[in-house]
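Below is one structure, written out as structure tokens; comments come after it.
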Amino acid sequence: MKKLLIVTIACLCFTANTLAQTGCSKYYPFKEGTKAEITVFDKKEEKSAIINYTILKTTKTSEGEVATMKSSVKDEKGKLIAETEYNATCDGNKISIDYKSMISPMMLDQFKDMEYDISGTDLEIPNNLSVGQTLPNAQMIMNISMGGINMNMEMQITNRKVVGKENVTTPAGTFDCFIITSDMTTKMGVSQTSNSKQWLAEGVGMVKQEEYQKGKVSSSSMLTAFTK
């Protein structure tokens, strides 16, 4: 469960890395064929997973532009674990990332033979980021039915704030980033809360992420490859 949660956080927080700049969104614009690689590390700074994202297609709707995203999760040795697809929508002022992206492909694969339904509130990032800004909360609720037994899982992302700016260097390059902090609470029988710090670059998306438990880094992720 712990590894599933780490990958869930990484999948959610790095969704936008697969996006390349267009006129619709400043931070999460859409371009077909854009690819990104995210490497996830555990608290000992050892590689624990690799997540690859690709924009399969973009379409125009009455709500704006919609990008269909594919994410593939591999273990530290490069073995494919799971894949999934979901959407991100841009209306010209902000991007809304499908709340279904809050569930990692590994977790969806675990529940593939069960009946379930998912509801929630999308994760939003506005074009006009500024230090001191507060961003909207996001939520995902998953109801699972297994042999007559019902289970509920809930994820909430709250206290999202833009707290500063900083240059960040990763294997994919050096980026001028806004820093966004937030809290993530997961409930499935028991409740677990973590804190995160995210570095977000214009035209690329998030290039670095750190997760904290009781003030200590529990996992981290970074952009290790990016092609438009």
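Values quoted throughout were computed directly from the atomic coordinates according to the rules given, and no laboratory measurement underlies them. Bear in mind the structure is a predicted one, so any value in this text is a computation, not a measurement. Neighbour counts are summed over all protein chains in view; Cβ atoms, including those assigned to glycine, are modelled from backbone coordinates with ideal geometry.
Quick notes on this one:
- Amide H contacts under 5 Å for Ser218, placed H, 5+ residues apart: Glu211, Tyr212, Gln213
- For Cys24, residues with placed amide H under 5 Å, excluding near neighbours: Phe30
- Fewest neighbouring Cβ atoms within 10 Å first, the residues Phe41, Phe226 line up as Phe41, Phe226.
- Taking 0.36 nm per residue of separation and subtracting the current Cα-Cα distance, fully stretching the chain between Thr121 and Asn137 would add 5.0 nm.
- Within region 69-113, the trypsin sites (Lys or Arg not before Pro) that combine a DSSP coil assignment with at most 15 other C-beta atoms in a 10 angstrom radius are Lys77, Lys79, Lys112.
- Taking each of Lys60/Lys187; Lys74/Lys208; Lys79/Lys165; Lys35/Lys165; Lys57/Lys165 in turn, the alpha-carbon distance tops 27 angstrom for Lys60/Lys187; Lys79/Lys165; Lys57/Lys165.
- Hz values of 3J(HN,Hα) by residue in region 58-69 - Karplus curve (6.51, -1.76, 1.60), Gly and Pro given as x: 10, 9, 9, 10, 5, 8, x, 9, 10, 10, 8, 9
- Set of aspartates and glutamates with alpha-carbon distance to Lys112 below 13 Å, sequence-local pairs under 8 removed: Glu83
- Listed residue (Thr227, Met188, Pro126) projecting farthest to the positive dipole end of the chain, Cβ model: Thr227
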